[in-house]
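Right, one structure below, let's go through it.
Each value in this text was obtained by applying a stated rule to the coordinates, not by laboratory testing. All values derive from a computational prediction rather than experimental measurement. All Cβ positions, even for glycine, are placed from backbone atoms using ideal geometry, and neighbour counts span all protein chains on display.
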C-alpha cells in the first residue's frame, strides 16, 4: 500500500460511527448528522446549522418542487416574518393551536413595542390579510402563491435536528379558489407532488391519508398527510396538504364577486413540506458506516479514489482524470480525491461517512486492464468496468441504487405491517415496533385511549380509499368493539 | 376598434401612475411598486410583502449569483435566525453598531426566556461560533460559506420598501482564509461579482470604492462598496464587501495550525447583497407609465397583444400563437394576452405598468403582411418585423434594450457629476442634487462638517485608485483647505 499517514486506531474509531443503528437509534442518528457534517449544534436548544452538505440536498428539493409547482401555476413570493398578535388571533382554532409555541418579539433596540409581534409559526394569517386586498373578482382566482422561508415553533418536546427543531425551513403554499371542488382537487394534486418528491428524489415510499379531526391542522377543514415508516419502528409525518375550507376566508373576509356579481367567500388550501424530510431520509437509508445519499439528492454523486504507488502515480492519476471526464460526460457530478496526505483506505471511510453514492477506484492494475472499479455505497457491490463503458455503467448504477433504496424502504414497511383486531394485539404490535393497521369507530375517546394505553402510539392517518376518500372499515373498532368506520394506521410517531 | 369594455376615464387614471417621477419622486416610487404589484404594505411598519412580480426578480439574481459564487468555491448553508445575546456581544464594535436596531425575542409561548435572543441583523456572530469549531488546520482553509436569508434591522428612520425596510432578504457570504493577502484578494473578487450583477442583470453602472472609517461595517478592518447614483439626485449604497481582518477571529478565537504546526488566527471577509438592489433598479429605470424591467430580470420578457375584430379574430389569434412559438424558439419568455374582456389599449397600459420589456402587436393588417409589431417598453420604439425574423429581432431588441438602459443610467451619472474645490461649491452642487467629486483630508471632523453643513449629504465612498487602493487626491481638502489625502464622492444618499 502507498506510504502515507494512516490515522491511529483510536482516532479512526472516533471518526467513524461508533454506535449501531439497530441498537441505539437516537445516538446513531446524532453521530450520522454530525460526522457527515450535515448539521452543527448551537447554543440555542432546538436551533441548528444546516451545513453545506445538508443545505445542498435542500436546494435539490427546492428546484424539483419549484418546477412541479410552476406547472400548476403557483408563483413564489415572500411575506414578512412578523405577525402582529391581533392578526394571529383572527381565526380561533388556529390561534389556539399555535400560540403555545410562538416566539414573541417584545423589544426593538431599547424600546418596548406597543404590540408584541409573533415570529411566524406558519403564515396563514399574515398572507390572508393581503389576500383580502388582492381578491375582488372571480377573475382574480385561483390565486396560488408559495413561499420558501424559515418558521419558528417553540416546541417543548425534546428537539431532534431535522425532525423536530424550533426553527426550520419549508415551503408553504397558500391558494384561494372559487369553488370547493377546485380547492379539493388541488389538495390531492399537491400531495401527489409531495409523494413524487419522496419517491423520485429521496427514494422512499409514502403512505397517504387523512389526519383525524384531532390531529388536523389548526383551522383546517381537513388535513391530508404523507406518513413514512422508519427503521426504528416509528412513523414520521412527512408533510401535509390542508383543505382550509372557508374558515380563514370568513375570519379574514376574503371574498369575490362571482360571474353573477354575487359576493362569495373563497375556498382555501395550504400545504407545507419542510427540512424534516431530510431527517426522514437520513433515518431511512443511512447505515453503520455513515450517511447514504440517494443519487438524485447527492450534489456529489461519485468520488474517484486513485490508488497510487510511487512508481505508477502519474499513470494512475492520468487515468483517474480520464475516468472523471467519462462520468462528467454522462452528467454525473464527480470529485477526484487526489489528496496526497491520506491513504485510499482513509478516503474510502471518509466518503462512505459522507454518503457519496458511488466510489470509483483506479489503481495500477486497472490502468493495465483499461478499467476502473465502481463500488456502490448502499450495498458495497463492486463492478469492474472497461473505461469505454464507465459513464454508462456509472449512470446505470446510480439509477439502480435509487431503485434498490426505494425497494428496501418499501420492504421494510411491508415486513413491519401488522393487523390488529383486538386491543391486546394492538398493544403487542406497538411494543414490537410495528406499523399497525386496524379498524376504528372514529370516536375521539377511542383515539385517546390508543394514545394512553399503548405508551404514546397514535392514529397516524386514515388511508385513502378508492375515491381518495377515507378508507372505510368493515369490522369492529379495535378499541371499543363497536362497528368500525375507518381503517387506520397506528404507530409511534415523530 | 374592437367592441369590449373600456374602463371609465377616472378609473383609468386611478390605475395608471398619477404622479411624475421628476416632480414627486417618493410618491411616484410608491405608486410604481404598488401598482406594478411588486410589494404590499402590512400592518407592521417597515415590513413588506415581496409579491411574485418582485420575488421573481430576486430569484433571477439568486441564480446568477449562486453560479458566480460557485466558481469561487463558495457553498451555501443556513444558520439559525436567533443569536443569543452573549454571542452578539462578543465583538465590541460590532455590538455597538447593531444593538440599537436589534429585535429581541423575550418570550416563547407563556414562558419568559432566561436569555433574550436577537433576531439576526447579520450573522457574523452566530456563524463564527461554528467556524471556531470547524477550523483546526490550514487544510480546513479557505472556508467559504454563503447563506440566503432574511435579516431584521429595526431602523428608526423613515422606512421605504426595498430601500430601507426592517426585514429584508439578502445573501451574506462569510469566508476565512490563511493569509491577509488571500482574504483581501477575495474582497475585490466579490465586489466584481456584485458589479457584474448590477451591470449584466440590472443594467446599471457602478461606482466602486472604500467606505470611510466612520461609515465602514461595525467590526470590519475596511469596507468596500458599490454606490449607484439615482435620478432623484441621491446615491444608494448598493452592496458591500468587507475585509474583517482578524477582529472577529480574535474575539471568537478562530485559529488554525499552519504548516509549521503554529497557531494562527484566520483572516475573514463578509459580504452582502440584498433586496435593496431591486429598489435601486426600480428607481433607476422606471418611468411615468410604470415599471421598466431590464430584460434579463424579467420573468416575462414579451407580451403578445392580439388586436382582434369580430370578422378576423381567429386569423389574428392563430397568428399570435405562431408569433409566440417564434419567440419561444429563441428562449424568450412570452405571454399571449388573449383575454376577451379587455381592449388592446387597456392591455397596453397594464403591461406597460408591469414593465414587460417587449410588446408584440398582431392585428389583421399584420396577418395580411405576414408581420408583427415589436414595441420596446423603455423608448416606445416600434419595429415592423416579418414573421420569419421575429425571434431573432425580438432577441436583438431585448439585448439592445439592456444596453440602452445601461447607457442611459451611465449618462445620468455623468451628466450629474460635479467637482467641488471650495466648500460653497460643494453645498451648491448638493443643493442641485449632484454627485460631487472632491478632495478630502481624511479627518472625521471634515467628514462630519460635510454632513452638518450640506443638509445631510455624506462621503459615499473613496473611489478605487489604479491599484485598487484608495484614490489619492492632489489638491486641498474641500472643507478645511489643508492638504487633501483622498478623492471622495459626496452625495445625499439612501
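Which FRET efficiency, nearest 0.05, do residue A:369 and residue A:403 yield, Cβ-Cβ r, R0 30 Å? Let's see the in-between values first.
Details: r = 29 Å, r/R0 = 0.97.
The computed FRET efficiency comes out at 0.55.
Taking a ≥ b ≥ c as the square roots of the eigenvalues of the Cα gyration tensor, the range B:402-450 is classed as prolate, since a/c reaches at least 1.5 and a/b is larger than b/c.
Would you mind getting me the FRET efficiency between residue B:59 and residue B:467? Use the beta-carbon distance for r and R0 = 35 Å, nearest 0.05.
Details: r = 37 Å, r/R0 = 1.06.
Taking R0 as 35 Å, the efficiency between residue B:59 and residue B:467 is 0.40.
Calculated from the alpha-carbon coordinates, the protein assembly as shown shows an Rg and a Dmax of 30.7, 97 Å respectively. The angle between the Cα long axis of helix A:52-71 and the longest principal axis of the Cα atoms of chain A comes to about 50 degrees, rounded to the nearest 10.
Note: relative contact order over the range B:1-158, using C-alpha pairs below 8 Å and six or more positions apart, is 19 percent. Can you give the angle from 0 to 90° between the axis of helix B:276-285 and the longest principal axis of chain B, with both taken from C-alpha atoms, to the nearest 10? Roughly 40 degrees, rounded to the nearest 10.
Think of it as helices only: each DSSP H run of n ≥ 4 in chain A is worth -39500 (n - 2.57), and spread over all residues that comes to -10500 deg cm²/dmol at 222 nm. Here the label points at residue A:182 and residue B:140, each 7 Å from Cα along the C-beta direction, are separated by 5.5 nm in the simple model. In terms of overall dimensions, the C-alpha atoms belonging to the range A:106-178 reach 45, 36, 17 Å along their principal axes, ordered largest to smallest. Over the range A:417-493, the ratio between the Cα radius of gyration and 2.2 N^0.38 Å evaluates to 0.97.
Can you pull the Rg over Rh of the range A:200-256, Cα-only, Kirkwood? If you can, show how the numbers build up before the last one.
On the way: Rg = 14.8 Å, Rh = 13.1 Å.
Value, to two decimals: 1.13.
Given an 8 Å cut-off on Cα distances and at least 6 residues of separation, report the relative contact order of chain A as a percent. Numbers along the way, then the final one.
Details: 1008 pairs, mean separation 70.1, N = 494.
Across chain A, relative contact order equals 14 percent.
Only Cα sites of chain B enter the Debye sum here, all with the same form factor; the resulting log10 I(q)/I(0) across q = 0.07, 0.10, 0.11 1/Å is -0.45, -0.86, -1.00, listed in q order.
Shown is the FRET efficiency for residue A:192 and residue B:15, computed with R0 = 35 Å from the Cβ-Cβ distance and rounded to the nearest 0.05: 0.35. Structural descriptor for the range A:417-493: relative contact order 38 percent, calculated from alpha carbon pairs under 8 angstrom and at least 6 residues apart. Taking the C-alpha atoms only, the angle from helix A:124-134 to the longest principal axis of chain A is near 70 degrees.
Sticking with the crude label model, points 7 Å out along Cα→Cβ, report the distance from residue B:232 to residue B:330 in nm, one decimal please. Computed distance between label sites residue B:232 and residue B:330 equals 3.6 nm. What translational D, rounded to a whole number of µm²/s, comes out for the range A:300-400 from Stokes-Einstein when the hydrodynamic radius is the Kirkwood one over Cα pairs, at 20 °C and 1.002 mPa s? Translational diffusion coefficient: 162 µm²/s.
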